[in-house]
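What follows is a single structure, written as structure tokens, with notes after it.
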Amino acid sequence: MELDLQRIRYACDLTPWGSLTSALVVGMLLFGTSGTGSDAYRTFLFGGVELVAFLQILVSLVVGRYLSRRRRYKNVRLMRLVFVSLGLCLGVMWATMPLTLFPPAPPHQQVIVACTCAGLIATALAFVPIAGMAECLTIPLGTASAYTLLSLGGRDWFALFGCLVIYGLFIGSVTVQVRRLLDKITLYRLETQEQRSTLQLLSGRSDAGEIWSLWETDRNGVISFLSPDLAHIFDWKPSLEMPHNFLNTLKEKYINSTNDIRGPISKKIVDFTHMVNCLNESISFRDIVVPLKVNDTVSLWSFTGRPMFDDHQDYCGFRGLAYDVTDTFTERFEEAHQARNDAVTGIPNRHALNEALRNALSDLGRTGRTFAFYLVDLDEFKRVNDRLGHNAGDAVLRVAAARLARVGGDGAFVARFGGDEFALLLQDINPPEAIHAAQDIVDLFLEPVKLSDQDVVVHVSVGLALAPVSGDSIESILDAADLAMYNAKRAGKNTWSCFESSMSGQIEQRRVLLGQFREAVTNREIVLAYQPLIDARTLTLVGFEALARWPQPDGSFVPPDRFILLAEETGLICELGNYLLEQACRTAVSWPTDLTVAVNVSVGQLQAPDFLLTLRTILKKTGLPPARLELEVTESIFMDVNSTCAGVLHGLSDLGIKLALDDFGRGYSSLGFLKEFDFYKLKLDMGFIRDMNHDRRSAAIVRSVIELASELGVVVTAEGVETRSQLDALRRYGCTQVQGYLFSPAISGEETALIAEKSRFSPLHFFETGARSA
Ligand code: C2E
Ligand code: CA
Ligand code: CA
């Protein structure tokens, strides 16, 4: 059907040329043979040829237009019949010409007639597309010419007859050949069109602009067709003697190595296996990206293919499309890489970690493979960043990433969780191994990190969660590891902690506590209690330390150790701290003017840009002279010291406020800090005081710290003094101040005025009535 249609299309294009020739030639012929033949015949010939030629041109135009406009056609046979009939009319019309005009014509006119006949036979080439149409012209005209020549007799005419037969045969055979050729071209075009449309359909791509290559195999998998691009890659030529097996050639060119292209090639290896299976099993496949080696470089080709079946539904080969997707794929990969990887360390980021956890959980569900999840927090990272700069900080992060990658080997998944936190996922691991690995992580970080100009020690705190015992969802595992890490931090850092089921209640508890705490801060529910500070020599009151208390509805208090940390973590510390500072100053103004108030200040508070301003405002508002205010800071301030923090410390001294170094002895305990900043006092950690009477070392430390401090002219306060013997020893060593349950626990703000009054007259009386329990 399609072939017939195409023949008619060709006929529409060519026929008018033949018709036009006839229409012109008939005029010339009659002009050249004037006087020969009757007028009636001459009129008949002229009118008849012109009419048929006109009809042929008209039909060609009309049919041509019709075919170009419609997609579905009827009456293909009728169209062919019309063309053939008109051709026959023309042929018959012309056949009368030699019979009628040749015999009576004078010799010079006979030449004209003969030449016209020969020329007309040649115009049959214009009627080649439709089978029979050219023959309708050549056979009647040729036969009539031959008959005329033979009936005239004589050698000359016989020779002309011979020539006529030769031309006739030539035209006849060329007509057949040309028609076959046209049919072949038509069939090839139709086939290619069909291929394109099926493959476009199959690949889901209809954008004609896309450059794609075709490939086709026969039933044995031997390549039967390749577009030039693929042919070049596969070294394939249509004329090759040796059959090229598609799959074997593909395997030869296929690169099964992750060295040449980074990233998700491993997935493509799986895809390639899938493609091989599809080819072997005659199953359609789509968009499988395969890395192929082309002239020592790697190209990525996307293959789509579909098996073909013949009329008997027997498999007869594969046909498909291939695209070079190297550029788009690399771009996409780069984007994906950036989206999934941390820019500083190059290792996966939190987003990628979530995915890895999801996969690990799905593995756990399917195969029961347990896994261990570690949250690793660098303990002193901020100090490195602040002291040595961000480049050094980045270098430490990179070293940390590399060290973590060493734990657990190839199967380990390391990600940067954010800031100075890393995550490590180890699959197929039992609890003892997981714990061993946790210790390995801590040990790995005992070694200093070598930077270009110096070495820095950065320890880690590790939280470990084991799946499924610690949790079976991403959130629960992250929470569990976070809680364990938090525990490791509380246990003094540079250690690991494993999540235990008993902790799970803590997660919920913590969440509830956080909600309540926010409310308490907003509603100003947190209050201050005041613990007396006593002069060690005279045992008289020198001031009070303000300690925060969070009263509960049942009359109990949440200890500050718990909620201060919460405030620091949630950023509520400034709001709370400033409020408490103001309360403490307000209370202190009501005391005798020689008494001081000591307020604990967190690092987060000190770091607030407006801390000094706030402090000045508070002092102004409450009217407390700066000299009566002591601010207690812990050594952690030196971990975070940066120019702002150092500036604030100096600013405080400039204001006339006294600085006390709290919990001395618990951390680094560098006396250098006392020199560097203008500390007025150091507070000996109560751990030493508790142990000094039964531990010689503690006693020695207490003694030497007191001695050194007095050399430096710094006041020493011993915290947590609970017994008379502790007090006696401290007095002997020359300790300046004492504080503890031996004298009094922290008391309410109202009670402070009473105690201040009593102590003025009799320090011992106050001492004896001091509460002895917390
Ligand atoms: P700290 O500054 O070392 O406070 C001394 C702690 O020792 C207080 O605990 C006090 O009640 C307790 N203590 C006093 N005498 C004795 C004793 O003889 N024996 C024993 N065993 N303990 C004694 P508290 O009130 O629970 O406070 C704990 C910590 O919370 C404080 O330690 C301080 O670091 C922090 N904190 C308290 N209030 C605030 C505050 O307003 N702001 C800030 N940033 N931190 C605060
Ligand atoms: Ca304190
Ligand atoms: Ca303390």
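Things worth noting here:
- Part-to-part distance (alpha-carbon centres) for the stretch 481-560 and the stretch 146-168, which is given in Å: 128 Å
- Derived from the Cα gyration tensor, the three semi-axes of the equivalent ellipsoid of the stretch 525-773 are 26, 23, 18 Å, largest first.
- Low-density loop cleavage sites - GluC sites (Glu not before Pro) in the stretch 314-361, where at most 14 other Cβ are within 10 Å (DSSP): none
- In the structure shown, the pairs Lys382/Lys493; Lys489/Lys658; Lys184/Lys253; Lys493/Lys675; Lys382/Lys658 are assessed against 24 Å; a Cα-Cα span above that value is assigned to Lys489/Lys658; Lys184/Lys253; Lys493/Lys675; Lys382/Lys658.
- Between helix 133-152 and the chain: long-axis angle, C-alpha atoms, 0 to 90°, nearest 10: 20 degrees
- Of the accessible area of the stretch 349-499, computed with a 1.4 Å probe over protein heavy atoms only, carbon and sulfur atoms account for 49 percent.
- Projected label distance in nm at Glu707 and Val92, using a 7 Å step from Cα toward the beta-carbon: 14.3 nm
- Entry comment: accessible area of the chain is 50 Å² per residue, from protein heavy atoms only and a probe of 1.4 Å.
- Intensity falloff of the chain expressed as log10 I(q)/I(0), Debye formula with alpha-carbon point scatterers, at q = 0.08, 0.10 Å⁻¹: -0.86, -1.09
- Computed label-point distance, nm, for sites Asn693 and Glu569 using a 7 Å Cα→Cβ extension: 3.7 nm
- The residues neighbouring Thr622, those whose beta-carbon lies less than 12 Å from its own, together hold a net charge of +4 under the Lys/Arg +1, Asp/Glu -1 convention.
- Backbone amide hydrogens, once placed in the peptide plane, bring Leu547 within less than 5 Å of Ala529, Tyr530, Gln531, excluding anything fewer than 5 places away on its chain.
- Computed [θ] at 222 nm, deg cm²/dmol, the chain (DSSP H ≥ 4; -39,500 (n - 2.57); rounded to nearest 500): -18500 deg cm²/dmol
- The phi torsions of the stretch 550-561, fed into the Karplus equation with coefficients 6.51, -1.76 and 1.60 and a -60° offset, translate into couplings of 10, x, 9, x, 7, x, 7, 10, 7, x, x, 3 Hz, rounded to whole numbers, with Gly and Pro shown as x.
- Signed unit charges on C-beta, dipole axis of the chain, positive-most listed residue Val76, Asn341, Leu754: Val76
- For Phe170 and Asp314, a Förster radius of 51 Å and the Cβ-Cβ distance give a FRET efficiency of 0.70, rounded to the nearest 0.05.
- Under 16 Å of direct C-alpha separation, and excluding same-chain neighbours fewer than eight residues apart, Lys251 reaches these lysines: Lys268, Lys293.
- Within the accessible surface of the stretch 525-773, defined with a 1.4 Å probe on protein heavy atoms only, the carbon and sulfur portion equals 53 percent.
- Relative to the dominant Cα principal axis of the chain, helix 474-490 is inclined by about 30°.
- Segment Asn295-Arg155, extension gain: residue separation times 0.36 nm, minus the distance between their alpha carbons: 43.1 nm
- Under the simplified labelling scheme, the Ala491-Glu475 pair shows an inter-label distance of 2.8 nm, with each label point 7 Å from Cα along Cα→Cβ.
The values are calculated or read from the model by the stated rules, or taken from the named source; none is laboratory data. These numbers were taken from a predicted model, which means no experiment stands behind them. Heads up, the Cβs are rebuilt from the backbone with ideal geometry, glycines too, and the neighbour counts pull from every protein chain shown. Accessible surface areas use protein heavy atoms only, side chains included; no ligands, DNA or RNA. Shrake-Rupley method; radii C 1.70, N 1.55, O 1.52, S 1.80 Å.
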